[in-house]
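For reference, the structure is listed below as structure tokens.
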Ligand SMILES: Nc1ncnc2c1ncn2[C@@H]1O[C@H](COP(=O)(O)OP(=O)(O)OP(=O)(O)O)[C@@H](O)[C@H]1O
Ligand SMILES: [Mg+2]
């Protein structure tokens, strides 16, 4: 499926859902065009984006009247790997906001709430790496690699 198109619809819908009280939250999207993923990648990635953007809309701007949410999905071609003709592509997803920030004392590895637990589990499922920056607001950076070219359906590397 064309994930670049899907992500725009998904985020538009989330903004509609959480529009009450978030009228002045702006959205900044930087998504590489024509990113195709197989379902093994698209499903976990879609849920991840859903959780992270929902969190920004629900928690980041509490007591604030404006702010920005930024979503980036960028590809980086890795070239030919040792296995003949088998290319891989690394993607970086970043979901950030300039809101109040995740509370200092909150350990995202050890949570009772479901959302961020789901996020760490799904990043593992993608065989990806998760980085959380708490400098200005909140930024989640997820890097993952899929086998294949971008013009064919991509599956997580571990399934090939
Ligand atoms: N972008 C953010 N800005 C500020 N605080 C955040 C942000 N994302 C998460 N948090 C804090 O981290 C906590 C845990 O998030 P998590 O998604 O796990 O739970 P939740 O959103 O409260 O519930 P749910 O299970 O419905 O997702 C939140 O309750 C909130 O305090
Ligand atoms: Mg949540």
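Read the figures in this text as sums done on the coordinates, not as results from a lab. As the structure is a computational prediction, the values presented were derived from the model and not from experiment. Cβ atoms come from the backbone with ideal geometry, glycine included; neighbour counts cover every protein chain shown.
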- Using packing as a proxy for protection, rank 125-138, 12-25 so that the peptide with the highest average count of other Cβ atoms within 10 Å comes first. 125-138, 12-25
- Note on the structure: Distribution output for the chain: share of Cα-Cα pairs per 10 Å bin in percent, first bin at 0, values 10, 39, 33, 14, 3, 0
- 5 Å-binned pair-distance histogram of segment 53-140 (Cα, whole percent): 3, 11, 19, 21, 17, 11, 7, 5, 4, 1, 0, 0
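Taking 0.36 nm per intervening residue step and subtracting the Cα-Cα distance, what contour gain separates residue 30 from residue 136 on full extension?
36.3 nm
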- Task: Please state, rounded to one decimal and in Å, the Kirkwood hydrodynamic radius that segment 1-94 gives when every pair of distinct Cα atoms enters the mean of 1/r.
- Result: 14.7
